[in-house]
């Protein structure tokens, strides 16, 4: 049992915990860290980072048949998921080690086990080895993230698996797999699995993929086409009614009367906050299990803050990091900050890379704004042509009167990077004219913003 | 001889001419176009776009030995420049056709030949077929670009060639090649030629590569190391004294006493404005041959404007497009504009991608500013690791007191795209704190800006 009074105990080391640790160390604070699993949490070990690793792999693999245009002479023999899994594990281990090395160098105690807050200054940790430790600190940050929702299904990690099972542990792909849920993780894992050789069916209750995001129809059409080129079956407005054993396979009965036999079912139906283990003092929660926090991310115990998937805000790694910075500030600085959720970009790494920030056309109309939109394809963008990546579009949303940019959507190469320019443009109130006249390097993908704003600023071509 | 009075004659269809045409058509203007060579000018046909095509090719090729980590099983047989040249020609032809198709659809007359301004409203064109045409217009835009400087050497297009010869016509690479000039084109062509299999020597008069750009030493070190990995010989502070025939090879004598025998010499020593043919009315020029223009880009004939490499401003495609938009505005709108050269990004696509905008540390100090800089490597950027592209750095320059960003340099993946965020940040006066707190998608390369600003905003780790 530690006698030391730390400035801060951080419970969970995902993007929120990581950012909190980094910020606190740089502020010279004396901290303790509790992590029940691997350093880096879900994002690094079983969500964002493995997904993008596999996505980089399959995106490149899909490009290879075109590279003879570059004079590259290849015999493409195939693609192996088990080998990619080894590579993925190494990449993640490299990143995890850089984190653990830093903690070691800075002499931060890392308590490996389940941390439970037992009073406002005390976290009791059931250590991996069965021993118990107690950590005393002035402040506590709960950054324990979320766990996959299971719809009450019997997830066995073998035949019925979650996205985490897939991304962390799966080393052999099934011949076929039914993915329940056509949200972000569903279309990402569906895409990469199809390229690695699985036959994929995505079952989605809503009338379209990615229904939680306001994707312009042009973007959704492109995504659907590219998924279908990979022979991915997409069943919208369909739910799973029953999953039964059928020999060593599963029989999945759907609401449309169909049934599919499959090797595996992947559950990708969202996540639920992970507060059950951490909370030993009865912090207030909302009806969905999120910790209640005030506008400064403070729980109802004044020195206990929370960030990330345990609070009710967009369940994204970068939301959590931003909130973590706000929490640390509010603990140790006198000038309090509020998290700003107005410009949180999202991106999807599926058969096409998608990204969006700010208001979609629909969002803007819903809140009563008059809008003007501008659409432009990557088809003739010179850099995109040079890179054999000229499929995609940009759609920008402007306030009709002022021509100020309200939002942007990008489908295509580097969408998840280009979106930050749009995000900053929105934040700074740029008009279509400002975006049109901005000097972009030639040739660059970014130049597309000049072209997208031609119609609005200069006049239509046709 | 045309009787029609056009609103505008555009001479030259490079980035400046193209932008002028696009803008004018969208404004509903009645225009004529003169082009002595291929539509798209140097940039499209023999500079930027072919370079980036080959660069995309070799960058991908260099990555292939690593892709077994992705589970990709390949037999890499080799890389062929002649085949790449075919691919390059097709890509450029695709882009050129989209331009010519547009002109056709919009019924814009394209005079193929050498246009010479003979009075303030008349351009006389010596057509390819030997006939003469005269075009009358209210305004004339000179966008005739530049030609490679030759240092008085006998360029034969076979053994002594320019970058244009290389990028437009060369279909077989020499076994070895001496590149005179270690500027942007020199290090770009040197890099791609080395990967395609040539032995390359770069001879540079100054004490370092890319001496015209203010590259931080960390960036220059990375570039040099990667060029040397390709066995590129770099001879700085060295000039070429003599080039002689030696059998079917060339003997290049250097100022350091060495001599090199080589198949080809590539001249890459800058460009000179191309005004000789266009000017039949004696427009004023400066001592280096640039057309003199006022702050509105007007020549000394009020209805004749000039943009791009013919005027004395940064010789970059995107400078020319920006100036073209300004010219068209100043011709047809009552509110005059001045070109803004304060935030022109540059980028280099060599063995590492480099990009810069705003003030370098040296620039800032030269003008008496107190600066604070921040450096961060891509090593642990999760997306860069996933993409097998985690080599590189970001260096940002801030005004010491205000912590406002003054400039940025990026070496690494997507540098030429990421730089636009920094450019907009400078334009809008963002501070290190603003950049640090901005919400970047996770994982993205762009997140590196949060990390780069940690030291300044939050404190150092060590």
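The values are calculated or read from the model by the stated rules, or taken from the named source; none is laboratory data. Predicted model, so just to flag it, every value in this text is computed and none were measured. In this analysis, Cβ positions are derived from the backbone assuming ideal geometry, glycine residues included, and neighbour counts consider all displayed protein chains.
Data table
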{"quantity": "Some residue of segment A:453-462 being within 13 Å of chain B (Cβ to nearest Cβ) and surrounded by 24 or more Cβ atoms within 10 Å (Cβ to Cβ)", "calculated": "yes"}
{"quantity": "Single unsatisfied condition, residue A:401 versus (1) over 30 Å from residue B:348 (Cβ atoms); (2) assigned to a loop (DSSP other than H, G, I, E, B); (3) at the interface with another protein chain (Cβ under 9 Å from one of its Cβ atoms)", "calculated": "(3)"}
{"quantity": "Matching entry among B:388, B:396 (being in contact with a helix residue (DSSP H, G or I) (Cβ under 6 Å, 6 or more places away or on another chain) and either part of a helix (DSSP H, G or I) or more than 8 Å from chain A (Cβ to nearest Cβ) (or both))", "calculated": "B:396"}
{"quantity": "The one condition in (1) in contact with a strand residue (DSSP E or B) (Cβ under 8 Å, 6 or more places away or on another chain); (2) within 14 Å of another protein chain (Cβ to nearest Cβ); (3) surrounded by fewer than 24 Cβ atoms within 10 Å (Cβ to Cβ) that residue B:373 fails to fulfil", "calculated": "(2)"}
{"quantity": "Residue in segment B:110-119 that is surrounded by 15 or more Cβ atoms within 10 Å (Cβ to Cβ), at pLDDT 95 or above, on the phi < 0 side of the Ramachandran plot and facing chain A (nearest Cβ under 7 Å) present", "calculated": "no"}
{"quantity": "Hey, residue B:357 in a strand (DSSP E or B) and within 14 Å of chain A (Cβ to nearest Cβ) or not", "calculated": "yes"}
{"quantity": "Close pairs from segment B:36-64: first facing chain A (nearest Cβ under 9 Å) and on the phi < 0 side of the Ramachandran plot, partner part of a loop (DSSP other than H, G, I, E, B) and surrounded by 24 or more Cβ atoms within 10 Å (Cβ to Cβ), Cβ under 6 Å, at least 6 apart", "calculated": "B:43/B:14; B:48/A:443; B:52/A:443"}
{"quantity": "Checklist (1) outside any strand (DSSP E or B); (2) touching a residue at least 60 places away in the same chain (Cβ under 8 Å); (3) surrounded by fewer than 24 Cβ atoms within 10 Å (Cβ to Cβ) applied to residue B:445, failing item", "calculated": "(3)"}
{"quantity": "Qualifying residue in segment B:366-378 (condition: more than 25 Å from the chain's Cα centre (by Cα) and part of a helix (DSSP H, G or I))", "calculated": "yes"}
{"quantity": "Some residue of segment A:84-94 being touching a strand residue (DSSP E or B) at 6+ places or on another chain (Cβ under 7 Å) and either crowded, with 18+ Cβ neighbours inside 10 Å or modelled with pLDDT of 95 or more (or both)", "calculated": "no"}
{"quantity": "Residue tally, condition within 21 Å of residue B:160 (Cα to Cα) and more than 23 Å from the chain's Cα centre (by Cα), over segment B:265-313", "calculated": "0"}
{"quantity": "Given (1) surrounded by fewer than 17 Cβ atoms within 10 Å (Cβ to Cβ); (2) under 27 Å from residue B:379 (Cα atoms); (3) in contact (Cβ under 8 Å) with a residue 24 or more places away in the chain; (4) more than 9 Å from chain B (Cβ to nearest Cβ), index of the condition residue A:107 fails", "calculated": "(3)"}
{"quantity": "From the options A:79, A:92, residue that is under 30 Å from residue A:187 (Cβ atoms), within 12 Å of chain B (Cβ to nearest Cβ), touching a residue at least 12 places away in the same chain (Cβ under 8 Å) and more than 24 Å from the chain's Cα centre (by Cα)", "calculated": "A:79"}
{"quantity": "From A:268, A:276, A:259, A:253, residue being farther than 19 Å from residue A:59 by Cβ and either in the same structural domain as residue A:359 (by TED's automatic domain parsing) or in contact with a helix residue (DSSP H, G or I) (Cβ under 7 Å, 6 or more places away or on another chain) (or both)", "calculated": "A:268"}
{"quantity": "Residues of segment A:305-314 classified as in contact (Cβ under 8 Å) with a residue 60 or more places away in the chain and either in a helix (DSSP H, G or I) or surrounded by fewer than 24 Cβ atoms within 10 Å (Cβ to Cβ) (or both), total", "calculated": "3"}
{"quantity": "Residue in segment B:437-445 that is closer than 22 Å to residue A:19 by Cβ, within 14 Å of chain A (Cβ to nearest Cβ) and in contact with a strand residue (DSSP E or B) (Cβ under 6 Å, 6 or more places away or on another chain) present", "calculated": "yes"}
{"quantity": "Some residue of segment B:424-440 being surrounded by fewer than 24 Cβ atoms within 10 Å (Cβ to Cβ), part of a helix (DSSP H, G or I) and in contact (Cβ under 8 Å) with a residue 40 or more places away in the chain", "calculated": "yes"}
{"quantity": "Residue within segment A:73-81 that is out of contact with any strand residue (DSSP E or B) (no Cβ under 8 Å at 6 or more places or on another chain), buried (at least 18 other Cβ atoms within 10 Å of the Cβ) and at pLDDT 95 or above present", "calculated": "yes"}
{"quantity": "Residues satisfying the stated conditions in segment B:270-291, i.e. assigned to a loop (DSSP other than H, G, I, E, B) and touching a strand residue (DSSP E or B) at 6+ places or on another chain (Cβ under 6 Å)", "calculated": "B:274, B:275, B:277, B:278, B:280, B:281, B:283, B:289, B:290"}
{"quantity": "The lone exception for residue A:317 - which of (1) in the same structural domain as residue A:21 (by TED's automatic domain parsing); (2) on the phi < 0 side of the Ramachandran plot; (3) touching a strand residue (DSSP E or B) at 6+ places or on another chain (Cβ under 7 Å); (4) buried (at least 24 other Cβ atoms within 10 Å of the Cβ) it fails", "calculated": "(3)"}
{"quantity": "Selection status of residue A:419, at negative phi, surrounded by 24 or more Cβ atoms within 10 Å (Cβ to Cβ) and either touching a strand residue (DSSP E or B) at 6+ places or on another chain (Cβ under 7 Å) or assigned by TED's automatic domain parsing to the domain that holds residue A:185 (or both)", "calculated": "yes"}
